[in-house]
Amino acid sequence: DKAGYKHFMAKEIAEQPTVLADALRGYLDGDTISLPGEPLDFTKIERLTLVACGTAFYACLTAKYWFEQLAGLPVEVDVASEFRYREPPITAHTVALFVSQSGETADTLAALRYCKDKADKIVSVVNVAESSIARESDLALPIHAGVEVGVASTKAFTCQLNVLLLLALKAAVDRGRMTPEALAETLASLRALPGVLNAAMDRSDDINQAARQIAEARDVLFLGRGLMYPLALEGALKLKEISYIHAEAYASGELKHGPIALIDKSVPVVVMAPRDALFDKTVSNMQEVLARGGKVLLITDAAGAAEAGQDVWKTIILPEVPSILSPLLYAIPAQLLAYHTAIAKGTDVDQPRNLAKSVTVE
Ligand code: F6R
């Protein structure tokens with residue numbers, strides 16, 4: 001049931017504030033993070049190995065920044081189809097964590113089985129609680145996104161981010177890197193996030209205007225730095241999946257190491273950059289694009305927009321949030337941009353060609 005929306009994808013994008021609020025409640029006991037099932041004590045863990053495919057992999061890549069910065073925990077992250085064949089050594093006190101919406105992705109499941117007798121614990125972050133990946137884990141953490149019908153993952157991505165962030169915050173507290181007061185403050189911001197996401201949904205018309213022109217492009221680049229780098233990758237994946245436009249993402253700092261050769265006035269460049277500690281660096285990369293005639297769509301906050309200068313083609317202004325929460329917020333314009341671009345092109349957003357919701361072949 002599309003509940004009055006034209007597409008499941010539109011419905012699932014719009015549902016995110018509500019499902020995230022519910023999902024958060026499932027993991028909090030007052031201002032304490034409480035995981036269902038087996039306890040997970042991060043003081044005994046020396047390394048995390050995160051494995052997934054596609055959008056779930058980008059959630060893992062985001063989580064790497066969180067676990068490393070907040071908890072000082074070394075993290076390895078890989079796509080399942082590479083991880084499993086490389087036969088990576090699993091060192092002592094490693095927890096292997098698998099992220100999968102369906103819980104049935106063949107490569108992710110095979111990677112999990114590879115880790116079974118090697119890792120201290122197998123943890124999964126899943127949407128389908130009865131899935132193979134959930135069943136074969138020591139601890140399966142539900143993302144509580146509800147059924148996701150659209151082939152392009154939207155609410156599952158933000159709900160995966162939500163659980164991974166809570167895990168990273170728990171790791172930070174367990175490992176003495178974060179005080180209970182600092183945790184309480186972050187949790188307060190997380191509780192306020194649904195309202196902020198609704199404000200981001202209100203940018204839909206602005207994004208639609210940009211999308212009408214992006215729909216004319218043959219190639220689109222996405223740039224981001226730090227936590228915005230995995231988001232840029234996710235934005236590019238979403239756009240190519242449903243609009244069939246060639247899109248690629250780079251870490252902003254990599255631009256001058258090759259991809260800048262692609263820039264000309266026909267290539268829109270989507271820059272995702274809240275006004276955070278890395279903003280100036282990203283803006284200088286953006287200037288390099290502008291100097292070569294590139295057409296920049298800047299997704300930022302009010303402070304970022306004020307500092308970015310006049311030459312950008314379009315600016316989408318989002319509310320300000322604490323830096324670590326920015327991936328959950330910036331996912332919304334990334335999804336809306338792909339959605340509106342696909343609508344402008346007239347493609348089948350819920351059932352894009354060549355794709356299946358659950359990839360059970362290797
Ligand atoms: C992207 C998308 C895919 C999946 C990937 C993993 O929109 O849906 O990239 O994220 O196939 O699927 P799960 O999470 O079910 O393991």
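Here is how the numbers come out for the structure above:
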| item | result |
| --- | --- |
| Rg/Rg_ref, region 1-99, where Rg_ref = 2.2 N^0.38 Å and atoms are Cα | 1.35 |
| Set of lysines near Lys345 by C-alpha distance (under 19 Å), chain-local residues within fewer than 8 positions excluded | Lys6, Lys238, Lys240 |
| The chain - charge dipole about Cα centre, Lys and Arg +1 at Cβ, Asp and Glu -1, debye rounded to 20 | 560 |
| Whole-number accessible area per residue in Å² for region 1-111, which is evaluated in the context of all protein chains at 1.4 Å | 41 |
| Accessible surface, 1.4 Å probe, highest first, among residues Lys64, Lys44 | Lys44, Lys64 |
| Surrounding net charge for Leu50, when Lys and Arg each add one and Asp and Glu each subtract one, Cβ distance under 9 Å | -1 |
| Counted charge near Val196, where neighbours are those whose Cβ lies closer than 14 Å (Asp, Glu -1; Lys, Arg +1) | -1 |
| Rounded to the nearest 20 debye, dipole of region 98-216 from Cβ charges on Lys, Arg, Asp, Glu | 280 |
| Region 135-194-region 228-264 distance, computed between alpha-carbon centres (Å) | 26 |
| Heavy-atom accessible area order for Trp313, Trp66, largest first, 1.4 Å probe | Trp313, Trp66 |
| Those aspartates and glutamates that a straight Cα-Cα span of less than 12 Å connects to Lys116, excepting residues fewer than 8 apart in one chain | Glu136, Asp138 |
| Residue-averaged [θ]222 nm for the chain, counting only DSSP H segments that reach four residues, each worth -39500 (n - 2.57) | -14000 deg cm²/dmol |
| Cα centroid separation, region 47-124 to region 317-332 (Å) | 25 |
| Descending semi-axes in Å of the chain, equivalent ellipsoid built from Cα gyration tensor | 32, 22, 21 |
| 26 Å Cα-Cα threshold exceeded, pairs from Lys64/Lys121; Lys121/Lys357; Lys118/Lys155; Lys295/Lys357; Lys256/Lys357 | Lys121/Lys357; Lys118/Lys155; Lys295/Lys357; Lys256/Lys357 |
| List Lys170, Lys118, Lys238, ordered by accessible area with a 1.4 Å probe, largest first | Lys118, Lys170, Lys238 |
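The values are calculated or read from the model by the stated rules, or taken from the named source; none is laboratory data. Predicted model only: the values in this text are computed from it and were never measured. Note: ideal-geometry Cβ built from the backbone for every residue, glycine included; neighbour counts use all protein chains shown. When the accessible area is computed, the model is the full protein with side chains, heavy atoms only, and any ligands, DNA or RNA have been set aside. Shrake-Rupley method; radii C 1.70, N 1.55, O 1.52, S 1.80 Å.
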